[in-house]
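Asker: Below you will find the structure I want to go over with you.
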Amino acid sequence: MKPKTDNNFMRLEFAARSENEGFARIAVASFLSRLDITLEEVEEIKTVVSEAVTNAIIHGYEEDESGTVIIETTYTATNIEITVADHGIGIADLEEARQPLFTTKPELERSGMGFTIMENFMDTLEIETEIGRGTRIRLVKKLTKNEALCN
């Protein structure tokens, strides 16, 4: 994502360690705190960030802590856009991975609802993946009340 002059943006890059998932949630929520969004919307955004980051760590890097997760967040008067990317193993069958309850890690008690949750809480979910090169998840939430903040 290349920042535009009318957007406010941030970029985070951190080690693919499970303890950093909480940091990612709070960092994105803090960045968006000046927007006029509801507590419910903040919780939904924190949840989708958590799901995307956890997927990168557990599935993308298979818990190899030497990898990195990148989060880019922008907002304008009309949208919040969050991108979570890794340079991990990629998703072998994206269509199957998007199915509710599908998981490649049942031994870790994974629910297989990550993409479903992201899709339900956001207006747009786009997934780009390539075997051996990683996955990029783009999430967009439309805003209606924030015109004054971005002018």
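The values are calculated or read from the model by the stated rules, or taken from the named source; none is laboratory data. In this text the structure is predicted, and so the values were computed from the model without any measurement. Counting neighbours? That spans all protein chains shown, and the Cβs are built from the backbone with ideal geometry, glycine included. Accessible surface is based on the protein model in full, side chains and every heavy atom, while ligands, DNA and RNA are left aside. Shrake-Rupley method; radii C 1.70, N 1.55, O 1.52, S 1.80 Å.
Every residue, every condition in (1) more than 25 Å from T116 (Cα to Cα); (2) assigned to a helix (DSSP H, G or I); (3) among the charged types (D, E, K, R), yes or no:
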{"site": "L12", "(1), (2), (3)": "no, no, no"}
{"site": "S18", "(1), (2), (3)": "no, no, no"}
{"site": "V28", "(1), (2), (3)": "no, yes, no"}
{"site": "E40", "(1), (2), (3)": "no, yes, yes"}
{"site": "E44", "(1), (2), (3)": "no, yes, yes"}
{"site": "I57", "(1), (2), (3)": "no, yes, no"}
{"site": "E62", "(1), (2), (3)": "no, no, yes"}
{"site": "E65", "(1), (2), (3)": "yes, no, yes"}
{"site": "V69", "(1), (2), (3)": "no, no, no"}
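Asker: Do any residues in segment 23-51 that are within 17 Å of V84 (Cα to Cα) have Cβ atoms under 6 Å from those of residues that are open to solvent by 20 Å² or more (accessible area, probe 1.4 Å) and not in a helix (DSSP H, G or I), where the two are at least six apart or on different chains, and which pairs are they?
Answerer: A27/L12; F31/M10
Asker: Another question, then. Checking R138 against (1) assigned to a helix (DSSP H, G or I); (2) at pLDDT 90 or above; (3) closer than 21 Å to I37 by Cα, which test does it fail?
Answerer: (1)
Asker: Tell me, yes or no, whether segment 103-120 has at least one residue that is at pLDDT 90 or above and in contact with a Pro (Cβ under 8 Å, 6 or more places away or on another chain).
Answerer: The answer is no; no qualifying residue exists.
Asker: Oh, and also: Quick one: would you say I91 is farther than 28 Å from L143 by Cα and part of a helix (DSSP H, G or I)?
Answerer: So I91 does not fit the description; no.
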